[in-house]
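Beneath this line is the structure, given in structure tokens, with notes to follow.
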Amino acid sequence: MLRELSEFLVIPSISALPDHAGDCRRAAQWLMQHLRHLGCPVVNLIEGEGHPVVWAESPRVPGRPTLLIYGHYDVQPTDPIDEWITPPFQPTVRDGQLHARGAADDKGQVYCLLKAYESVLDRERRPPINVNFIFEGEEESGGKVIFDLLTKEPDRTRADAVVVADMAYYAPGWPAVYTALRGICYAEITVRTLRHDLHSGTYGGVAPNAIETIVRMLADLKDRSGHINLPKLYKAVEPPTKKELKAWKALPFDTDRYREEEVTSKALTGLKDHSVLERTWALPTFEIHGIRGGFIGDGAKTVIPAQATAKVSLRLVPGLSMDKVARQLEKAARKVAPKYADVEVTILHGGDPVQVDITHEAFRLLDNAFESVVGRRAVPVRAGGSIPIVPLLGKTGAPVLLTGIGLPDDRLHSPNEKLDLHQLWDGIQVFGKFFERLAQMEQGAGEETTED
Ligand code: BES
Ligand code: MN
Ligand code: MN
């Protein structure tokens, strides 16, 4: 299995980098070949404006429920590349961990679901439930192929349940099911203060510097206490319920260990009146991802930059919508800009936050599966991260099971991303059991859950 998963992981399917479009396609083709090998009679590559979606249908088993499995085959860029102990696309096992870009996010988890599916096939390669697979190649870069597809053909999401395994356990030994995902609004703010760059000696002291201007604007958009200065932003936030807050307080959480080992900082920042879990799960954020402009090459160049661009994003929680926040950001950016600056705000991508009601029977079956393999049911948590397509996956009313086999320290999007192999082996069993239990549910035996 390691050799097989490594074949998938060596493909540098970085969706954000145009040079890797061919690699994204190769990753899609790897999945298609695998799905055909598993006996799926329908395996399609669906094209759009970007990287293609892989769609597959298992052999039909009439009278059994249908499960839609979602995942993504694209991965994040690898920079800073020097910090990788072994190269990102050369999967390597160290201390029971598989190190590679995409090991946890999301190729390793997609592979886990495929193996779980394989494990429940009968001799004719017939599964116990109907399964549809949808794998996209633009999750990490806010693409729109899967959006266009599911907007045009919402019937594809018609299912009795949807599984999204693109998340992590709450902690080792603590599988999780997610009751909310944050949304996101990703934008570029460009500021121009001069027609062209100027000599910083000749004009220094009078000419408005575009980088200085944008840095001050960004500082105005979020103050030192962590408060975001978009008027009305916090008013719209739906606070978590008392019950949720109480449940979060009961979760094991060691702030010092979290700070030192996961965050790796000397201090935690942000709104002091809210706990770490509230700040990462139930409040909006404003982050600066990069600033471009001026001279950033080796050596020194004395220049006053005429233009600067900042890439920023806000994470959105229930109560906040992508469209509304995008308008608020645009307005706020203009408001904090000095008169001499031309400001342009471009929204690159986004997605609304989601909340999931976890009372459906399918969640109990997942709990049972986790309990029988890991010894603990899934704890309800929220995610700080986003998966923009999830609102559409749940649109036809099917319960969306947001879960996963990763661990919180998998270093998603960072150098040395990894997946613990025992998480993978457990995960194959967990999802295999889940698939089998789902089959029983619709036959009318589900309520008794005799095995437990
Ligand atoms: N798998 C993550 C999202 C995630 C991470 C959920 C951890 C729960 C826990 C996903 O691949 C991701 O990184 N999404 C991006 C989406 C963005 C590019 C639109 C994100 O959250 O930054
Ligand atoms: Mn992911
Ligand atoms: Mn990701």
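Measuring nothing but how far apart in sequence close Cα pairs (under 8 Å, 6+ apart) lie, relative to its length, the chain scores a relative contact order of 26 percent. Could you pull out the pairs from K107/K433; K144/K339; K324/K395; K311/K331; K107/K242 whose alpha carbons sit more than 25 Å apart here? Exceeds cut-off: K144/K339; K107/K242.
When the convex hull of its Cα atoms is viewed from all sides, region 66-107 shows a mean projected area of 3.8 nm². The three principal axes of the Cα atoms in region 20-85 give end-to-end lengths of 53, 26, 20 Å, sorted in falling order.
Once the chain from D342 to D357 is taken as fully extended at 0.36 nm per residue, the excess over their C-alpha distance is 0.9 nm. Scoring 38-49, 351-362, 65-76 by mean Cβ neighbours within 10 Å over their residues and listing the highest first yields 65-76, 351-362, 38-49.
Counting 0.36 nm for each residue step from N229 to L194 and taking away their Cα separation leaves a gain of 9.9 nm.
On a per residue basis, region 151-200 carries 40 Å² of accessible surface, using protein heavy atoms and a 1.4 Å probe.
Residues whose amide H lies under 5 Å from that of I69, counting only those 5 or more places away or on a different chain, are N132, F133, I134, V163; hydrogens are built 1.01 Å from N in the peptide plane.
Helix-only mean residue ellipticity at 222 nm, the chain, DSSP H runs n ≥ 4 weighted -39,500 (n - 2.57), per residue, nearest 500. What is it? The helix-only estimate for the chain comes to -8500 deg cm²/dmol at 222 nm.
A Förster distance of 56 Å, applied to the separation of the beta-carbon atoms of Q33 and V206, puts the FRET efficiency at 0.30.
Take the Cα of S321, go 7 Å toward its beta carbon, and the backbone nitrogen atoms of region 115-156 under 18 Å from that spot belong to 151.
Take every Cα pair under 8 Å whose residues are at least 6 apart in sequence, average their separation, divide by the length of region 287-343, and the relative contact order is 29 percent.
The phi-based Karplus calculation (6.51 cos²θ - 1.76 cosθ + 1.60; θ = phi - 60°) puts the 3J(HN,Hα) values of region 257-270 at 5, 4, 5, 6, 8, 9, 6, 6, 10, 7, 8, 9, 10, x Hz, whole numbers, x for Gly and Pro. Helix 421-440: angle to the longest alpha-carbon principal axis of the chain, degrees 0 to 90, nearest 10? Taking the Cα atoms of the chain, the angle to 421-440 is about 60 degrees. Shown here for region 88-174: GluC sites (Glu not before Pro) in loop regions (DSSP other than H, G, I, E, B) with at most 13 other Cβ atoms within 10 Å, namely E124.
Suppose a student asked you for the relative contact order of region 72-204, using Cα pairs under 8 Å spaced at least 6 residues apart; what percent would you report? Kindly include the intermediate steps, with their values, before the conclusion.
On the way: 75 pairs, mean separation 29.6, N = 133.
Relative CO of region 72-204 lands at 22 percent.
Efficiency by 1/(1 + (r/R0)^6): what FRET value for D122 and E83, r their Cβ-Cβ distance, R0 = 51 Å, to the nearest 0.05? Approximately 0.65, to the nearest 0.05. Backbone geometry of region 162-173 corresponds, through the Karplus equation with coefficients 6.51, -1.76 and 1.60 at θ = phi - 60°, to 3J(HN,Hα) couplings of 10, 10, 10, 9, 9, 9, 10, 4, 5, 7, x, x Hz, x marking Gly and Pro.
Computed from the Cβ-Cβ distance with R0 of 22 Å, the FRET efficiency linking E49 to S414 stands at 0.15. May I ask for the angle, rounded to the nearest 10°, between helix 21-37 and the longest principal axis of the chain, with both axes built from Cα atoms and the value confined to 0 to 90°? On a 0 to 90 degree scale, this one is about 10.
Between M1 and L245, the simple label model (points 7 Å from Cα in the Cβ direction) yields a spacing of 4.2 nm.
The HN-Hα couplings worked out from phi for region 210-218 by the Karplus form 6.51 cos²θ - 1.76 cosθ + 1.60 (θ = phi - 60°) are 5, 6, 4, 4, 5, 5, 5, 5, 4 Hz, whole numbers, x standing for Gly and Pro. Compute the acute angle (0 to 90°) between the alpha-carbon long axis of helix 361-374 and the principal axis of greatest extent of the alpha-carbon atoms of the chain; round to the nearest 10°. Approximately 90 degrees, to the nearest ten. Taking N as the residue count of region 184-239, its C-alpha radius of gyration divided by 2.2 N^0.38 Å amounts to 1.59. Out of every Cα-Cα pair that the chain contains, those further apart than 37 angstrom amount to 29 percent.
If only the Cβ of Lys and Arg carry +1 and only the Cβ of Asp and Glu carry -1, the dipole of the chain around its Cα centre is close to 1300 debye.
For I405, the amide hydrogen comes within under 5 Å of the amide hydrogens of M167, counting only partners 5 or more places away or on other chains and with H modelled in the peptide plane. Note on region 1-146: dipole from Cβ charges, positive end direction compared against F135, I14, P59; the farthest Cα belongs to P59.
The values are calculated or read from the model by the stated rules, or taken from the named source; none is laboratory data. Keep in mind the model is a prediction, meaning the values are calculated, not measured. Counting neighbours? That spans all protein chains shown, and the Cβs are built from the backbone with ideal geometry, glycine included. These area figures cover heavy atoms from the full protein model, side chains too; ligands, DNA and RNA do not enter into them. Shrake-Rupley method; radii C 1.70, N 1.55, O 1.52, S 1.80 Å.
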